[in-house]
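Asks: Handing you this structure, nothing more for now.
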Amino acid sequence: MKTARVTFLAAPEFKAFLVEEAEREGVSVAELVRRRCEQRAGADEAALALLAAELRKAVTEARTSLREGLEAAHAALRRRASGPERKARRRRAAAALG
């Protein structure tokens, strides 16, 4: 197998993480990176990706629904505050007082 050198910069914390993971798995940092990068997504990862996509769609739909509901509620409150019902309530209140 031919090889080529790959060099990249990382934060000290990330380097420490790589070293710890490599030691835990009993391999070099280079081997750890190769193994992790060469892995193909398994059934669990594929299922998780589908669930994440469904969740993003559901959250978007929920936000839209909530926004529409709030707009409808605000519109109803504005109508109630400025409509004939308000004037009638004021008349009844004034009549009751006086």
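The values are calculated or read from the model by the stated rules, or taken from the named source; none is laboratory data. If you're wondering where the values come from, they're calculated on a predicted model, not measured in any experiment. Here the Cβ is made from the backbone with ideal geometry for all residues, glycine too, and neighbour counts use every protein chain on show.
Asks: Evaluate the following for Ala30: is it small (Gly, Ala, Ser), farther than 30 Å from Phe8 by Cα and out of contact with any Gly (no Cβ under 9 Å at 6 or more places or on another chain)? Spell out how you get there, then give the answer.
Replies: Details: small (Gly, Ala, Ser): yes; farther than 30 Å from Phe8 by Cα: no; out of contact with any Gly (no Cβ under 9 Å at 6 or more places or on another chain): yes.
For Ala30, the condition - small (Gly, Ala, Ser), farther than 30 Å from Phe8 by Cα and out of contact with any Gly (no Cβ under 9 Å at 6 or more places or on another chain) - is not met.
Asks: Considering only region 42-54, I want to know if a residue exists there that is modelled with pLDDT under 95, surrounded by 10 or more Cβ atoms within 10 Å (Cβ to Cβ) and in a loop (DSSP other than H, G, I, E, B).
Replies: Checked against the condition, which is being modelled with pLDDT under 95, surrounded by 10 or more Cβ atoms within 10 Å (Cβ to Cβ) and in a loop (DSSP other than H, G, I, E, B), region 42-54 yields no hits at all.
Asks: Is it the case that region 67-89 has a residue that's out of contact with any Pro (no Cβ under 6 Å at 6 or more places or on another chain) and not in a helix (DSSP H, G or I)?
Replies: Yes, because at least one residue in region 67-89 is out of contact with any Pro (no Cβ under 6 Å at 6 or more places or on another chain) and not in a helix (DSSP H, G or I).
Asks: Mind checking which residues of region 33-45 are farther than 19 Å from Phe8 by Cβ and touching a helix residue (DSSP H, G or I) at 6+ places or on another chain (Cβ under 8 Å)?
Replies: Ala41
Asks: Of the residues that make up region 16-33, is at least one under 30 Å from the mean Cα position of the chain (by Cα), loosely packed, with under 10 Cβ neighbours inside 10 Å and at pLDDT 90 or above?
Replies: No.
Asks: It is to be established whether one or more residues within region 27-47 are charged (D, E, K, R) and more than 30 Å from Thr7 (Cβ to Cβ). So that I can check it myself, show each step before the final result.
Replies: Here is the first cut: in region 27-47, the ones charged (D, E, K, R) are 31, 34-36, 38, 40, 44-45.
Filter again for more than 30 Å from Thr7 (Cβ to Cβ), leaving 44.
Taking every residue of region 27-47 in turn, at least one turns out to be charged (D, E, K, R) and more than 30 Å from Thr7 (Cβ to Cβ).
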